[in-house]
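Everything below concerns the one structure shown next.
What follows is calculated from the coordinates using simple rules that are stated; it is not laboratory data. Note that the structure is predicted; figures quoted are calculated from it, not measured. Glycine also receives a Cβ, built like all others from the backbone with ideal geometry; neighbour counts cover every protein chain displayed.
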Amino acid sequence: MYPVRDEITKLLAELPSGVKLVAVSKYHPAEYIAEAYEVGQRIFGESHVQELRAKVEVLPKDIEWHFIGHLQTNKVKYIAPFVSLIESVDSERLITEINKQAFKCGRTIGILLELHIAKEESKSGFSLDECTALLDSDVKNRYPNVRICGLMMMGSNTDDEAQLESEFKQASDYFNTLKSRYFHDDDSFAERSWGMSGDYPIAIRQHSTLIRIGTKIFGPRIY
Ligand SMILES: *Cc1c(COP(=O)(O)O)cnc(C)c1O
């Protein structure tokens, strides 16, 4: 078994205050999550609805589950009763559905707006213009069972540190713009989710508050 406990303990020790770890456990068995839980980890990220539901059944109830993958609107209902934060919100259709399902459960669900800043076409998310247009349309007040808690993005899949740094900086600067323009009186707009196993030190330099780490904690994923 991969040394999950050692890896996560090392990682937690090196995180500056104000940065929270999302342990990305997709494709890893529930036993690995339980190991991380035992050393104090409580936030886990998953990207597939079926897999997440199976894990929720067998794991402790005080885990905060973050959904980080592409979410189809017809699947929102399966995670709405328990999910803590949906990080990968990339359309208003999805916001509408999250609001509807959250209302049915008597909950308010936190979301992050996913930005598309990386070079790759394959990545999803709002362009900065689309995101600004959405906020200009008063999205904040039109969905009472949704709380917009911040922004999420994935850096390009590259070793070019200058490139990654400039992408994270763009996200961070944009967060500040949105904060002052739309959320200056709203403390819940606070999260900046960027940084993965390969690039999280750079993301932290660019004011990330949530880093999403899989491989470094749990080892390679077996598909
Ligand atoms: C899988 C995944 C991660 C974790 O990636 P690692 O390189 O294994 O740390 C982070 N964010 C998202 C959105 C992912 O899908």
*Once amide H atoms are placed 1.01 Å from N in the peptide plane, what residues at a sequence separation of 5 or more from Ile109, or on another chain, have their amide H within under 5 Å of its amide H?*
Val146, Arg147
*When the Karplus curve 6.51 cos²θ - 1.76 cosθ + 1.60 is applied with θ = phi - 60°, which whole-Hz ³J(HN,Hα) does each residue of the range 157-170 get, with x for Gly and Pro?*
7, 8, 8, 6, 5, 5, 4, 4, 4, 5, 5, 5, 5, 4
*asked:* With the crude spin-label approximation of a point 7 Å out along Cα→Cβ, what separation in nm comes out for Lys169 versus Ala190?
replied: 2.7 nm
*What list of ³J(HN,Hα) couplings, whole Hz, do you get for the range 171-177 from phi and the Karplus terms 6.51, -1.76, 1.60, once you set θ to phi - 60° and write x for glycine and proline?*
5, 5, 4, 5, 3, 4, 4
*asked:* Using the Cα centre of the range 163-223 as the reference point, and only Cβ charges (+1 on K/R, -1 on D/E), how large is the resulting charge dipole? Debye, rounded to the nearest 20.
replied: 280 debye
*asked:* Under the rule of at least 5 residues apart or a separate chain, name every residue whose amide H is placed under 5 Å from the amide H of Ala80.
replied: none
*Going toward the positive end of the dipole of the chain, with +1 on Lys and Arg Cβ and -1 on Asp and Glu Cβ, which of Pro29, Ile98, Thr177 do you reach last?*
Ile98
*Quick one: grab the alpha carbon gyration tensor of the range 55-159, order the square roots of its eigenvalues as a ≥ b ≥ c, and give me rounded if a/c is under 1.5, else prolate or oblate depending on whether a/b is larger than b/c.*
oblate
*Would you mind ranking Met196, Met153, Met1 so that the residue whose beta carbon has the fewest other beta carbons within 10 Å leads the list?*
Met1, Met196, Met153
*Could you please rank Cys149, Cys105, placing first whichever residue has the fewest other Cβ atoms within 10 Å of its Cβ?*
Cys105, Cys149
*Once the other residues with Cβ under 10 Å from the Cβ of Arg5 are scored (Lys, Arg +1; Asp, Glu -1), what is the net sum?*
-3
*Based on the inverse mean of 1/r over its pairs of different Cα atoms, what is the Kirkwood hydrodynamic radius of the range 1-127, in Å?*
15.7 Å
*Along the Cα-to-C-beta direction of Lys179, a point sits 7 Å from the Cα; which residues of the range 1-34 have their amide N less than 19 Å from that point?*
16-21
_Long-range HN-HN contacts of Ser88 with modeled amide H, under 5 Å_ = Leu112
_At R0 = 22 Å, how high is the FRET efficiency between Ala13 and Asp159 if r is their beta carbon distance? Nearest 0.05 is fine._
0.30
*Size of the dipole of the chain about the Cα centre, Lys and Arg at +1 and Asp and Glu at -1 on the beta carbon, nothing else charged, in debye to 20?*
740 debye
*So which GluC sites (Glu not before Pro) in the range 116-211 are both in a DSSP loop and have at most 14 other Cβ atoms within 10 Å of their Cβ?*
Glu120, Glu121
*Just round it to a whole percent: the fraction of Cα-Cα distances in the range 116-223 exceeding 23 Å.*
32 percent
*Average projection area in nm² (convex hull over Cα atoms of the range 94-134, one quarter of hull surface)*: 3.5 nm²
*Just add up the charged neighbours of Gly214: K/R +1, D/E -1, any other residue whose Cβ is under 12 Å from the Cβ of Gly214.*
+2
_For the chain, I need the span (max minus min coordinate) of the C-alpha atoms along each principal axis, in Å, sorted largest to smallest._
50, 44, 32
_Estimated vicinal HN-Hα couplings, Hz - the range 40-51 in sequence order (Karplus 6.51, -1.76, 1.60; Gly, Pro = x)_ = x, 6, 10, 9, 10, x, 10, 10, 10, 4, 4, 5
*Radius 14 Å from Cβ of Ala162, net charge of other residues (Lys, Arg +1; Asp, Glu -1)*: -3
*Residue farthest toward the positive end of the dipole of the chain, with Cβ of Lys/Arg at +1 and Asp/Glu at -1: which of Ala190, Gln163, Ile86?*
Ile86
*Could you tell me the distance between the Cα centroids of the range 35-62 and the range 119-173, to the nearest Å?*
26 Å
*Starting from the Cα of Arg5, step 7 Å along the direction of its Cβ; do the same at Glu64; then give the gap between the two resulting points in nm.*
2.5 nm
